[in-house]
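Participant: Take a look at the following structure, please.
The values are calculated or read from the model by the stated rules, or taken from the named source; none is laboratory data. As the structure is a prediction and not an experimental result, all values here were calculated from the model. Neighbour counts are summed over all protein chains in view; Cβ atoms, including those assigned to glycine, are modelled from backbone coordinates with ideal geometry. Each accessible area value is taken on the protein alone, full model and side chains, heavy atoms only, with ligands, DNA and RNA left out. Shrake-Rupley method; radii C 1.70, N 1.55, O 1.52, S 1.80 Å.
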Number of protein chains: 2
Amino acid sequence: MERRPTIIDVARAAGVSKSTVSLVLQNSASVRAETRAAVRAAMEALGYVYNRAAANLRSSGAGLIGLVINDLRNPFFTEFAISLQMALSERGFAAVLANTDETPALQAQVIGAMIEHGVSALIVSPAYGGGETGFDAIARAGLPAMQVLRRVDGRTDLFPFAAPDYPAGSRLATEHLIAEGARNIAFVGGLEGRMVTEERLAGYRATLAGAGLAPLVLPGRSGRSMGRAMARRLAEDHPEVDAALCFNDQVALGLLSGCAEIGRPVGPGGLRIVGFDDIEDCAQSWPPLSSVRCDIAGFGQAVAATILAWVEGDVTPPAEDRPAVDLVIRASSAAQPSKER
Amino acid sequence: MERRPTIIDVARAAGVSKSTVSLVLQNSASVRAETRAAVRAAMEALGYVYNRAAANLRSSGAGLIGLVINDLRNPFFTEFAISLQMALSERGFAAVLANTDETPALQAQVIGAMIEHGVSALIVSPAYGGGETGFDAIARAGLPAMQVLRRVDGRTDLFPFAAPDYPAGSRLATEHLIAEGARNIAFVGGLEGRMVTEERLAGYRATLAGAGLAPLVLPGRSGRSMGRAMARRLAEDHPEVDAALCFNDQVALGLLSGCAEIGRPVGPGGLRIVGFDDIEDCAQSWPPLSSVRCDIAGFGQAVAATILAWVEGDVTPPAEDRPAVDLVIRASSAAQPSKER
DNA sequence: CTGAAAGCGCTTACAG
DNA sequence: CTGAAAGCGCTTACAG
C-alpha cells in the first residue's frame with residue numbers, strides 16, 4: 001500500500017507538465033493526440049488512479065448523491081433505492097446509502113455525515129416523527145434535496161416532494177372490489193395520522209361514501225405478521241367482511257398467509273384481497289395478489305433524472321409530483337385477472 | 001447556494017488562526033476551553049459545515065467504504081448490506097453502495113468508480129463470471145477488500161473470503177429430513193458449477209451417501225417463480241420425492257406457493273420442505289418454513305468489524321472465515337418445531 | 001498546443 | 001496554548 005502515483009508522477013514519466021496531464025484527464029481538445037497518447041501510456045504504466053476528491057476540492061461537485069431511506073428491509077423501499085442507485089451509476093454518479101430504521105435521530109445523523117462527505121444532493125424517504133430530522137442541516141448547507149414517498153417537511157419549495165398518486169390508487173382498488181360485488185370492504189394496516197396512511201385511506205373512504213357503503217378501518221404496524229394475525233381477527237370479529245384493501249403488499253401477503261392458516265378461501269367466493277405497491281412477490285404468491293402498481297422501479301429512475309437535472313442543469317423540480325398508478329388484478333380479488341403488461 | 005464558510009471564515013469570526021480552528025475540529029486537548037467555545041460559537045453562527053473531502057486530501061482515509069453487491073433485490077443480500085451499512089455508520093463510516101445485477105462488467109465499472117471516489121476499502125459480494133471483474137483494479141490501487149458470501153477470485157491472500165458455513169448447513173438440513181423419515185430427498189435450485197451451489201450440494205450429497213440414499217438434483221435459476229413451477233414438476237415427474245432441500249428460501253417459498261397451487265400438502269404427511277438462509281419471510285409463510293439460519297444480520301456486522309479492523313488497525317483478516325450456521329425447524333418439515341431463539 | 005502559478009479547504013509539523 | 005507555512009492532488013485562468 002505505497003503512495004499512489006499523482007498527476008505529477010505521470011507528468012514526469014510522460015515528460016510534460018502536470019497541467020497537460022490534467023487536460024488529458026478532462027479529454028480537453030487542446031492536447032495533441034500524440035501527447036495525449038504518451039500521457040495515457042504513462043498513466044497505464046504507473047497504475048495511476050484519478051483522485052476525484054482532490055479534483056472536487058477545486059471544482060466542486062463530488063458526483064456523490066446521498067440516499068436516505070426509512071426502511072430498506074421493506075422490498076418496496078429496496079426496489080426504489082436500487083433502481084435509483086443504478087440510474088445514478090449510469091450517469092456517472094455514486095450513491096451513498098443509509099437506512100434510518102424509521103428513526104428521525106438516526107436520519108439526522110446520517111444526513112449530517114453525508115453532507116460532510118460532500119454529497120452534491122440528497123434524496124430522502126423520511127422517517128416519521130419530530131425533533132431533529134436533518135432537513136435543517138440540508139437547508140443550512142444549501143444542498144438540493146427531495147423528499148420522496150412520504151412528505152414530512154412542509155417546506156416543499158426547498159424540499160420538493162414526489163410520490164405515486166396514493167389516493168388514486170386506493171380509489172381504483174375500492175372501485176374494483178365494489179364492481180366485483182364486495183359490500184363490506186375493510187381497510188387493513190397503516191398507522192393513522194401518517195401521511196401515506198391518510199392518503200391511502202382517503203381514496204378508500206371517498207369511494208365507499210360515493211357508493212353508500214360503510215368503511216371499516218383496522219389500522220396497525222404494516223408487516224407480514226400483522227397481516228397474518230389479522231386473518232383470524234377478521235374472521236372472528238368481522239365475519240361480514242367480504243373484501244380487504246391492505247395498506248401495503250406486506251400486510252396483504254401476511255393476510256394471505258393467515259387465511260391459509262385458518263383455512264379461509266381467498267378470492268371470489270371467499271375473502272377478496274388487494275394489496276398496495278405491487279412488489280415482485282405479488283405475482284408469485286398463491287393465489288397471486290392483486291395490487292395497486294406504483295411502478296417503483298420507474299419511479300426511482302424518474303427521481304434520479306429529476307435530481308440530476310437539478311444538480312447539473314439547475315432545473316428545480318415542482319414542489320409536488322404525483323405520478324399515476326394503476327391496478328393489477330389477479331386471482332386474489334377476481335376470477336378474471338387483468339393482462340400483465 | 002452561496003459559498004460555504006471555511007475554517008478561515010470561522011477563524012476570522014472567532015479571532016483566532018485557522019490552525020486553532022482545525023485543532024478544535026479535532027477535539028485536540030491543547031486548545032483552551034474558552035477558545036474552543038468561541039470557535040464553536042463562530043461555527044454555529046456561520047453555519048459552518050466540515051469538509052471531509054478536503055481534510056482527507058491531507059490526512060488520507062475518507063471514511064467511505066464501498067459495498068458492491070451482486071443482487072440487492074434478493075432479501076438475503078439486502079439484509080446483509082443493510083446491517084453492514086448500519087454497523088459502519090455507527091463507527092462513523094459511510095457506505096457507498098452499488099448493485100451489480102449479477103453482471104461482472106457492471107461490477108468492474110462500479111468498483112472503478114468507487115476507487116476514484118476514494119473509498120478506504122471495499123466489500124464485494126461478487127457476480128459470477130469472468131472477464132474484467134474489478135479485482136485487478138483494487139489490487140492496483142492497493143486497497144483492502146474482502147469477498148463475501150461467494151468466492152470468485154482465488155487470491156484470498158489479497159481478498160480474504162468470508163461466508164456462512166454452507167456445507168454444514170445442508171448437512172444439518174439433510175440429517176433432519178432423514179431423521180423425520182424422508183427417504184427421497186430432492187435438492188431444488190441453484191446453478192451447477194457455482195461455488196455456493198456446489199457447497200450447498202456437497203453437504204447434501206455427503207449426508208445422503210452416508211445414509212445410503214440416492215440424491216436427486218434439480219438445478220435452476222433460484223427465484224420464487226422457479227420454485228413455484230417446480231411444485232408441479234416434482235409431483236408429475238418425481239412423485240416418490242417426499243422432501244425437498246431448497247437452494248435458498250426464495251426457491252422454498254416459491255415451492256410452498258406452488259404446492260398450494262396444485263393442492264399438495266406441505267409438511268409431515270406431505271412434502272417436507274427446508275429452505276436455506278432463513279430470511280425473515282420464512283417465519284411468516286404458511287406453513288412456516290424450516291430453514292438453515294445464516295444469521296445474515298450478525299454476519300454483516302461481523303464483516304463491518306473485520307474490515308474496520310483492517311482499515312484502522314491494520315489487522316489483515318484470515319484468508320477464509322466460515323462462521324457456523326444452524327437449522328430452524330418449522331412446520332414445513334416437522335410436527336415439532338424447534339424453539340425460536 | 002503547453003507550462004508556471006495560484007488556489008480549493010483542510011492538516012501537520014514546527015516555532016514561539 | 002496558538003500562529004505562520006507548507007503541502008495533500010487536482011483545476012483553472014493566464015501566459016507564451
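Participant: Would you look at the GNM of chain B, springs on alpha carbons closer than 10 Å, and say which of B:ALA38, B:ALA231, B:ALA55 moves the most?
Facilitator: Of the options given, B:ALA38 has the highest mean-square fluctuation.
Participant: Would you check the accessible area of A:ARG272, probe 1.4 Å, heavy atoms only, in square angstrom rounded to 10?
Facilitator: For A:ARG272, the solvent-accessible surface is approximately 30 Å².
Participant: Output wanted: per-residue J couplings in Hz (rounded whole) for the stretch A:317-331, from phi through Karplus 6.51 cos²θ - 1.76 cosθ + 1.60, θ = phi - 60°, x for Gly and Pro.
Facilitator: For the stretch A:317-331, the Karplus curve yields x, x, 4, 8, 9, 10, x, 5, 10, 9, 10, 9, 9, 10, 5 Hz.
Participant: Of the heavy-atom accessible surface of chain A (probe 1.4 angstrom), what whole percent is carbon and sulfur? Spell out each step's value before the answer.
Facilitator: Details: 6960 of 13750 Å².
Answer for chain A is 51 percent, counting heavy atoms of protein chains only.
Participant: Still on this structure, please answer the following. Counting only C-alpha contacts under 8 Å and six or more residues apart, can you give the relative contact order of the stretch B:254-313 as a whole percent?
Facilitator: Answer for the stretch B:254-313 is 22 percent.
Participant: What's the center-to-center distance, using Cα atoms, between the stretch B:39-74 and the stretch A:21-50 in Å?
Facilitator: Between the Cα centre of the stretch B:39-74 and that of the stretch A:21-50, the gap is 29 Å.
Participant: Which whole-number percent of Cα pairs in the stretch A:153-202 have a distance greater than 15 Å?
Facilitator: 58 percent
Participant: Normalised radius of gyration for the stretch A:222-316, please: alpha carbon Rg relative to 2.2 N^0.38 Å, two decimal places. It would help to have the intermediate numbers written out before the result.
Facilitator: Numbers: Rg = 17.6 Å, N = 95, 2.2 N^0.38 = 12.4 Å.
Rg over 2.2 N^0.38 Å, computed on Cα atoms: 1.42.
Participant: Could you check the simple spin-label distance between A:ARG91 and A:ASP136, using points 7 Å along Cα→Cβ, in nm with one decimal?
Facilitator: 3.1 nm
Participant: Next question. Which value, in Å³ per residue, describes the convex hull spanned by the Cα atoms of the protein assembly as shown? Show your work: numbers first, answer last.
Facilitator: Details: hull volume 123.0 nm³, N = 682.
Considering the Cα atoms of the protein assembly as shown, their hull volume per residue is 180 Å³.
Participant: Kindly give the distances from A:ASP101 to its copy-mates, label point to label point, with each label point 7 Å from Cα along Cα→Cβ, as nm values to one decimal ordered shortest first.
Facilitator: Spacings between copies for this position, smallest first, are 3.2 nm.
Participant: Just to confirm the number: angle between the C-alpha axis of helix A:104-116 and the first principal axis of chain A, 0 to 90 degrees, nearest 10?
Facilitator: Its long axis makes an angle of about 20 degrees.
Participant: Considering only C-alpha atoms, what is the centroid distance from the stretch B:209-245 to the stretch A:123-142, in Å?
Facilitator: 50 Å
Participant: Any idea what the dipole of chain B comes to, in debye rounded to 20, about its Cα centre with Lys/Arg Cβ at +1 and Asp/Glu Cβ at -1?
Facilitator: 780 debye
Participant: With θ set to phi - 60° and the Karplus curve 6.51 cos²θ - 1.76 cosθ + 1.60, what are the ³J(HN,Hα) couplings of the stretch B:17-26 in order, to the nearest whole Hz, using x for Gly and Pro?
Facilitator: 8, 5, 4, 4, 4, 4, 5, 4, 4, 9
Participant: Related question: Probe 1.4 Å, all protein chains in place: accessible area of B:GLU320 in Å², nearest 10?
Facilitator: Surface accessible to solvent at B:GLU320 totals approximately 90 Å².
Participant: Additional query: How much accessible surface area, in Å² rounded to 10, belongs to the heavy atoms of A:HIS117 with a 1.4 Å probe?
Facilitator: 20 Å²
Participant: Top to bottom by accessible area (1.4 Å), largest first, where do B:TRP310, A:TRP286 land?
Facilitator: A:TRP286, B:TRP310
Participant: Under the convention of a label 7 Å out along Cα→Cβ, give the distances in nm from A:ARG322 to the same position in every other copy, shortest first.
Facilitator: 5.6
Participant: Given contacts defined as C-alpha pairs under 8 Å and at least six residues apart, what's the relative contact order of chain A, whole-number percent?
Facilitator: Computed value for chain A: 14 percent relative contact order.
Participant: Compute the relative contact order of the stretch B:166-295 as a whole-number percentage, counting only Cα pairs closer than 8 Å that sit 6 or more residues apart in sequence.
Facilitator: Contact order relative to length: 25 percent.
Participant: Looking at the stretch A:169-245 from every direction and averaging, what is the projected area of its Cα convex hull in nm²?
Facilitator: The orientation-averaged projected area of the Cα hull of the stretch A:169-245 comes to 4.8 nm².
Participant: Hull surface divided by four, with the convex hull built on the Cα atoms of the stretch A:63-162: how many nm²?
Facilitator: Working: hull surface 22.3 nm².
Spelled out: convex hull of the Cα atoms, projected over all directions, averaged, 5.6 nm².
Participant: List the distances, in nm to one decimal, from the label point of B:GLU44 to the label points of the same position in every other copy, shortest first, placing each label point 7 Å from Cα along the Cα-to-Cβ direction.
Facilitator: In ascending order, 5.8 nm.
Participant: Can you check how the C-alpha radius of gyration of the stretch B:94-145 compares to 2.2 N^0.38 Å, as a plain ratio?
Facilitator: 1.02
Participant: With chain A treated as a Gaussian network of Cα nodes joined by springs under 10 Å, which of A:GLY189, A:GLY269, A:GLY300 yields the largest mean-square fluctuation?
Facilitator: Answer for the Gaussian network model of chain A: A:GLY269.
Participant: Hey, another quick one. Express in % the proportion of alpha carbon pairs of the stretch A:1-67 at distances exceeding 14 Å.
Facilitator: Tail fraction, whole percent: 59.
Participant: How long are the semi-axes of the equivalent ellipsoid of the stretch B:279-341, defined as square roots of 5 times the Cα gyration tensor eigenvalues? Whole Å, largest first.
Facilitator: Details: eigenvalues 230, 24, 11 Å².
Working through the eigenvalues yields semi-axes of 34, 11, 7 Å.
Participant: Return the inverse of the average 1/r over all pairs of distinct C-alpha atoms in chain A, which is the Kirkwood hydrodynamic radius, in Å to one decimal. List each step's numbers first, then the result.
Facilitator: Values: mean 1/r = 0.0443 Å⁻¹.
This gives a value of 22.6 Å.
Participant: Divide by every residue of chain A the summed helix terms, -39500 (n - 2.57) for each DSSP H run of at least 4, and state the resulting mean residue ellipticity at 222 nm, rounded to the nearest 500 deg cm²/dmol. Write out the running numbers ahead of the final one.
Facilitator: Numbers: 12 runs with 151 residues, N = 341.
My calculation for chain A gives -14000 deg cm²/dmol from helical runs alone.
Participant: Can you give the angle from 0 to 90° between the axis of helix B:75-90 and the longest principal axis of chain B, with both taken from C-alpha atoms, to the nearest 10?
Facilitator: 30 degrees
Participant: Output needed for the stretch B:140-286: three equivalent-ellipsoid semi-axes, defined as square roots of 5 times the C-alpha gyration tensor eigenvalues, in descending order, whole Å.
Facilitator: 30, 17, 13
Participant: Given B:PRO215, B:ALA304, B:SER291, which one lies farthest toward the positive end of the charge dipole of the stretch B:211-341, if we put +1 on the Cβ of every Lys and Arg and -1 on the Cβ of every Asp and Glu?
Facilitator: Positive-end residue among those listed: B:PRO215.
Participant: What is the extension gain from A:ARG12 to A:ALA319, computed as 0.36 nm multiplied by their sequence separation minus the C-alpha to C-alpha distance, in nm to one decimal? Provide the component values of the computation, followed by the final result.
Facilitator: On the way: separation 307, 0.36 × 307 = 110.52 nm, distance 5.19 nm.
Value of the extension gain: 105.3 nm.
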